[in-house]
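Presented below is the structure to which this report refers.
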Ligand SMILES: [Fe+2]
């Protein structure tokens, strides 16, 4: 088992978070009955809370209070540092070995794309410290990867990670849609006093925790439903049929309903702006 990940003065150089935007994605979390004491996480969290219901039931089948939500057009889940203890080649499993030495925890959620449609067969590779705050750097305890099901869902059975100097409680994860870039990030626990003193903590990565159940939905920077293809451009040199969505320059010549028009002012064409309707843009030839 390893030493601590980020002891003071030994942390590897890690990128700053200045490029991370604060656009609302996660509506944060409220915890009930969790093993760690509740702590107000500050005003930055308060304005990101959602009133919507959760995607996963609580321990008694009742809905959790709030949960991360995916809204069409929202920003993707933010990236965070990988840290020094990622190990490739983890076993494929939803139950992390070594999870019997700490507080039981089940994390569930959905992996979405930018249009909030679930992503099937997305890869999630988790790794974390044990309850004593140590990483296994010689084996694969508390390391494992899995794939989302046909509805984009994942389930991770593990333990609550322990604290180690310089960091709050966190779970590392890499998430990747098929043939798409890897998102490396971390998940955090609400109500942990060390959150406020952790330079990498971000409330947008808070799980929604209730007892031994936690939820978190990822939004990957993956385009979905790109829409209909753009109209074909007119043939070069002008003389083609007028189409919507094309940028015309003054002097371009088009045909429309059997008539020929000359563009007299550059513009991007739109449905409703057909040449006969806009004499300011087109002159009948
Ligand atoms: Fe870590």
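Of note:
- Our analysis of segment 240-284 gives Rg over Rh at 0.88, with the two radii drawn from alpha carbon positions and Rh computed by the Kirkwood formula.
- Distance between the 7 Å Cα→Cβ label points at residue 179 and residue 121: 1.0 nm.
- Least to most buried among 246, 170, 104 (fewest other Cβ within 10 Å first): 104, 246, 170
- Peptide ranges 211-218, 258-265 listed from the most packed, as the mean C-beta count within 10 angstrom indicates: 211-218, 258-265
- Fewest-first sequence of 281, 105 by Cβ atoms within 10 Å of each Cβ: 281, 105
- Principal axis dimensions, segment 85-229 - Cα atoms, whole angstrom, descending: 54, 32, 26
- Computed on the Cα trace of segment 94-169, the radius of gyration divided by the Kirkwood hydrodynamic radius gives Rg/Rh = 1.04.
- Full-stretch length increase - residue 273, residue 151 - with 0.36 nm per residue and alpha-carbon distance subtracted: 39.7 nm
Where a number appears in this text, it was derived from the coordinates with a stated rule and is not lab data. Here the structure is a predicted model, which means the values were calculated and not measured. Heads up, the Cβs are rebuilt from the backbone with ideal geometry, glycines too, and the neighbour counts pull from every protein chain shown.
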